[in-house]
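The structure under discussion appears below in the form of structure tokens.
The values are calculated or read from the model by the stated rules, or taken from the named source; none is laboratory data. Note that the structure is predicted; figures quoted are calculated from it, not measured. Cβ atoms come from the backbone with ideal geometry, glycine included; neighbour counts cover every protein chain shown.
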């Protein structure tokens, strides 16, 4: 009888975890602290072959701006990749495996001396 109770509890936990994942909100706030204007923002399930549509929701994002990023993909994964494209030269920066079920704000920075774009997740 104890085994049945343990199996039932494990099954209930699994179902609850799946339910919370299905209702997870993957939207986030993007903060541009790069010193440059962004042209496009793409979000896709981690390591997907397709970036799909630009989710910036406007023409460009100036340095210092904060923009809410809302997207609907019909997938319940929490792990996403992010790609930003700069307006000046169409160069881009990509981050993989961001847990958007726990991250609500992403701030990106550009370091001119190292020529690297980095991100901080909150």
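Tabulated values for the structure
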quantity	calculated
Subset tally (residues that are part of a strand (DSSP E or B), without any contact (Cβ under 8 Å) to a residue 40 or more places away in the chain and either within 17 Å of residue 39 (Cα to Cα) or touching a helix residue (DSSP H, G or I) at 6+ places or on another chain (Cβ under 9 Å) (or both)) for the stretch 82-117	4
Of residues in the stretch 61-74 being part of a loop (DSSP other than H, G, I, E, B) and surrounded by 14 or more Cβ atoms within 10 Å (Cβ to Cβ), the one modelled with the lowest pLDDT	73
Residue among 77, 107 that alone is closer than 15 Å to residue 27 by Cα, more than 10 Å from the chain's Cα centre (by Cα), surrounded by 15 or more Cβ atoms within 10 Å (Cβ to Cβ) and at pLDDT below 95	77
